[in-house]
Amino acid sequence: MPTFAYTARDLTGKQINGTLEANGEREVAAILSERSLFPVDVKDVGSPAQSVFGRRKKVKGQTMAVFYSQLASLLRAGVPMIRSLNVLAEQSTDPVLKEVIAEIRNRVEDGEPIGDSMARFPRIFSEMACNMVRAGTEGGFLEDALDRVGTFTELQEDLKGRTVSALAYPIFLFSVGTVVLSALLVFFVPKFDMLFERLRKTGQMPYATELLLAFSNFLQSYGWIILVVIAIGLIFMRVKLQTEAGKALFDRAKLKIPVLGSILMNLAVARFCRVLGTLLGNGVPILKSLEISGTAAGNRLLRDSVSDATENIKSGESLAAPLRASGHFPPSVVEMISVGEESNSLDTVLPDIADSLEKTTFRRLDLFVRLLEPIMLLVMAILVLGVVLALLVPVLKSSTTL
């Protein structure tokens, strides 16, 4: 049950502040009235569905896709909105979503449009979803709008899942390789130091072995300093990424990664096209659609390009020209957008562009991962072999001199 902070006055005019747990502002007003208090201000300050830092937890994208589809089905079957929300709140297995639906139901019951109620929970409902629901409510096609939001959310989750799955194994290989090499250098290599003392005195110690032992001794003695520096660096990056400048720098750095940078940009372009097409297809005005889709693309360089395009449209110019000038959009995508503008069919052309771009990009991503795996294995094998040879050569020299 959500908690409300209230400011009220009693019969003598004295101001009283406090908090109450209630199902909505109407119930808070009723409770205060029973206490002979007149509410001045009532604010929702949280609920049990929030984290310890006061920020509401997120809900999985797949769970949200099911919610949108089920709400659309209930409304299409003629079930009233309040009753539909009651049903979904009762059957939801996610405690956060259950409580959020209950809060939305209370606000809708108080007369607030469902799109505005959803917008109160930005960590649960995206700006795109809220705007599409608003457009659907105003245009009389709410069921279709919810269906499209559900389909879009499902596609985005599938896209995210495929990207993570493709990169999971290379990341695993890198992590395991790093741990194995670190363990060799810290625990295994130092044991050979005393064995090679005789070769060191006679000046027969190979240079590679000396470097390996020196590096191993450094890790043993000062490894904790490296770990502290890495930890400080990670904390600094985390803090920096909370700022707009840091996020922009990170987005720019991602695009400079060989091969992977262009793949990430194409995925961002595909996301932009899908969001924009979905919004336009649901009657959201183009300027608002561009603002939302530019942010939803997930890259600030792309967002800035879209922002420039928005200014062009305000001036009565085309969308394709500034997108082409930005250099972030593939020429084929720009040409298809240009044709869509000329034929007034952007809402149908853009999802097709997204589908085509995602297929092409995932083929490239799959090829990149397939090549990356043997390359990483080869690099790890060479490094381990280098360590073994650096230790084996002096051992053989020792045996021949005995």
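The values are calculated or read from the model by the stated rules, or taken from the named source; none is laboratory data. It should be emphasised that the depicted structure is a prediction, and the values quoted were computed from it without experimental measurement. Neighbour counts run over all protein chains shown; Cβ positions are idealised from the backbone, glycine included.
Of the candidates Val100, Val164, the single residue that is without any contact (Cβ under 8 Å) to a residue 12 or more places away in the chain and either among the β-branched types (Val, Ile, Thr) or under 26 Å from Ala270 (Cα atoms) (or both) is Val164.
Does at least one position in the range 324-333 carry a residue that is more than 15 Å from Ile263 (Cα to Cα), in contact with a helix residue (DSSP H, G or I) (Cβ under 9 Å, 6 or more places away or on another chain) and surrounded by 15 or more Cβ atoms within 10 Å (Cβ to Cβ)? Yes, the range 324-333 contains at least one residue that is more than 15 Å from Ile263 (Cα to Cα), in contact with a helix residue (DSSP H, G or I) (Cβ under 9 Å, 6 or more places away or on another chain) and surrounded by 15 or more Cβ atoms within 10 Å (Cβ to Cβ).
Only one entry of Val180, Val189 meets the criterion of being assigned by TED's automatic domain parsing to the domain that holds Thr209 and buried (at least 17 other Cβ atoms within 10 Å of the Cβ), and that entry is Val189. Within the range 135-147, the residues that satisfy the criterion of being crowded, with 22+ Cβ neighbours inside 10 Å and within 24 Å of the chain's Cα centre (by Cα) are Ala145, Leu146. Just one of (1) crowded, with 16+ Cβ neighbours inside 10 Å; (2) in contact with a strand residue (DSSP E or B) (Cβ under 6 Å, 6 or more places away or on another chain) fails for Asp94. It is (2).
Of the residues making up the range 351-358, one or more are of a type in the set (Gly, Ala, Ser), in a helix (DSSP H, G or I) and in contact (Cβ under 8 Å) with a residue 60 or more places away in the chain. Here the helices (runs of 4 or more DSSP H) wholly within the range 92-210 that include at least 3 residues being under 30 Å from Leu377 (Cβ atoms) are 142-183.
Checking Ser216, Ser175 one by one, the residue that is loosely packed, with under 11 Cβ neighbours inside 10 Å, under 43 Å from the mean Cα position of the chain (by Cα) and among the hydroxyl-bearing types (Ser, Thr, Tyr) is Ser175 and no other.
Within the range 51-63, one or more residues are out of contact with any strand residue (DSSP E or B) (no Cβ under 9 Å at 6 or more places or on another chain), surrounded by fewer than 16 Cβ atoms within 10 Å (Cβ to Cβ), in a loop (DSSP other than H, G, I, E, B) and modelled with pLDDT of 75 or more. Can you spot a residue in the range 112-122 that is of a type outside the set (Gly, Ala, Ser), assigned by TED's automatic domain parsing to the domain that holds Ala77 and touching a strand residue (DSSP E or B) at 6+ places or on another chain (Cβ under 7 Å)? Yes, some residue in the range 112-122 is of a type outside the set (Gly, Ala, Ser), assigned by TED's automatic domain parsing to the domain that holds Ala77 and touching a strand residue (DSSP E or B) at 6+ places or on another chain (Cβ under 7 Å).
Condition check: buried (at least 19 other Cβ atoms within 10 Å of the Cβ) and in contact (Cβ under 8 Å) with a residue 12 or more places away in the chain. Does Leu365 satisfy that? So Leu365 passes the test. Are any of the residues in the range 280-293 in a helix (DSSP H, G or I) and in contact with a Pro (Cβ under 9 Å, 6 or more places away or on another chain)? Yes. Of the residues making up the range 219-243, those that are of a type in the set (Gly, Ala, Ser) and either within 32 Å of the chain's Cα centre (by Cα) or not assigned by TED's automatic domain parsing to the domain that holds Pro190 (or both) are Ala231, Gly233. Any idea which of Lys201, Lys247, Lys256 is at pLDDT 80 or above and of a type outside the set (Val, Ile, Thr)? Going through Lys201, Lys247, Lys256 in turn, just one is at pLDDT 80 or above and of a type outside the set (Val, Ile, Thr): Lys256.
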